[in-house]
Amino acid sequence: MILAAGLGERMRPLTEHTPKPLLQAGGKPLIVWQIERLKQAGFERLVINHAHLGMQIECDLGAGAAYGVTIAYSDEGAPLETAGGIATALALLGDAPFAVTNGDVYTEFDYSRLLPALHDMRGKPEHLAHLVLVDNPPHHPQGDFALAEGKAMLPSPASGRGAGGEGNVLTFSGVACYRPELFAGIAPGTKAALAPLLRQAMARGQVSGEHFNGRWEDVGTPERLAALDLELGQRRVA
């Protein structure tokens, strides 16, 4: 699933007429970079949720044939937040564990790295989520979760480390794998945040994680988008 239902408020005025995932960097929309990398990793059946100017996404991407994938859409009308959006799309996602990423970031993450986690989650109902954590960017220095021995966990407020004292606190990239059961308590069409569900699952030791130290960019402002566009454009020329 590619999450694409955000309002893109920090990207205004660019997002007043264009949904953030369709903003371009290096000659193609941000969401197309994601689709191409997912396709390379073998993910060919995609679900994309949308809300703000969402029909533009459907019109631009269509059924996915141009990218060698099939795309189903979950039209939220109004954004339901991450957990609400995923819960609403479960009818399209099916009963097996699935991968999720954001449509408005740029990353060089190899999505095939998620395949072992998805395989493990299929055989272990208690394994509810797997998170990809990245180094803390300058605009989010405090990070989100700690990582130790393959487990994602809540950081200790006092130490800035894992609840058991292990692992530095890293930033959640939005790249993850989930079992549908994680969202079982959320009715379709309900607005709900993801963080409380993850915290509860972490407290039960049901969330694994990995550290990706490669390129991941939260393209959250027009300035960051312009810098990324320049960088990718220079790569194309080179």
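Quick one: would you say R113 is assigned to a helix (DSSP H, G or I), more than 16 Å from the chain's Cα centre (by Cα) and farther than 17 Å from I48 by Cα? The answer is no for R113.
Residues checked against (1) touching a residue at least 60 places away in the same chain (Cβ under 8 Å); (2) of a type in the set (D, E, K, R); (3) over 16 Å from G84 (Cα atoms):
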| position | (1), (2), (3) |
| --- | --- |
| A193 | yes, no, no |
| Q200 | no, no, yes |
| P222 | yes, no, yes |
| A226 | no, no, yes |
| R235 | yes, yes, yes |
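The set of residues from region 85-120 being touching an Asp or Glu at 6+ places or on another chain (Cβ under 8 Å) and more than 29 Å from L232 (Cβ to Cβ) comprises just one member, T88. Filter region 1-17 for residues that are crowded, with 19+ Cβ neighbours inside 10 Å and at pLDDT 90 or above; which is nearest to L93 (Cα to Cα)? Among those that are crowded, with 19+ Cβ neighbours inside 10 Å and at pLDDT 90 or above, it is M1. The set of residues from region 45-60 being surrounded by 15 or more Cβ atoms within 10 Å (Cβ to Cβ) and of a type in the set (A, V, I, L, M) comprises L46, V47, I48, A51, L53, I57. Residues that are part of a loop (DSSP other than H, G, I, E, B) and small (G, A, S) within region 187-205 comprise A187, G189, A192, A193, G205, listed in sequence order. Residues of region 8-26 that are assigned to a loop (DSSP other than H, G, I, E, B) and farther than 14 Å from D60 by Cβ: G8, R12, P13, G26. Note on region 147-186: among residues that are in a loop (DSSP other than H, G, I, E, B) and modelled with pLDDT of 95 or more, the one that is nearest to A51 (Cα to Cα) is I186. Pick from region 55-99 the residues that are part of a helix (DSSP H, G or I) and touching a Lys or Arg at 6+ places or on another chain (Cβ under 7 Å): which of them is nearest to A5 (Cα to Cα)? Ranking the candidates gives E81 first. How many residues are under 20 Å from T82 (Cβ atoms), in contact with a Leu (Cβ under 9 Å, 6 or more places away or on another chain) and of a type in the set (A, V, I, L, M, F, W, C) when one looks only at region 104-146? Here the count works out to 9. Whether any residue in region 21-36 is free of Cβ contacts under 8 Å to residues at least 12 places away in the same chain and farther than 23 Å from K191 by Cα is what I want to check. Within region 21-36 (the criterion being free of Cβ contacts under 8 Å to residues at least 12 places away in the same chain and farther than 23 Å from K191 by Cα), the answer is yes, since at least one residue qualifies.
The values are calculated or read from the model by the stated rules, or taken from the named source; none is laboratory data. This structure is a prediction, so every number in the text was calculated from the model and none was measured. We place every Cβ from the backbone using ideal geometry, glycine too, and count neighbours over all the protein chains shown.
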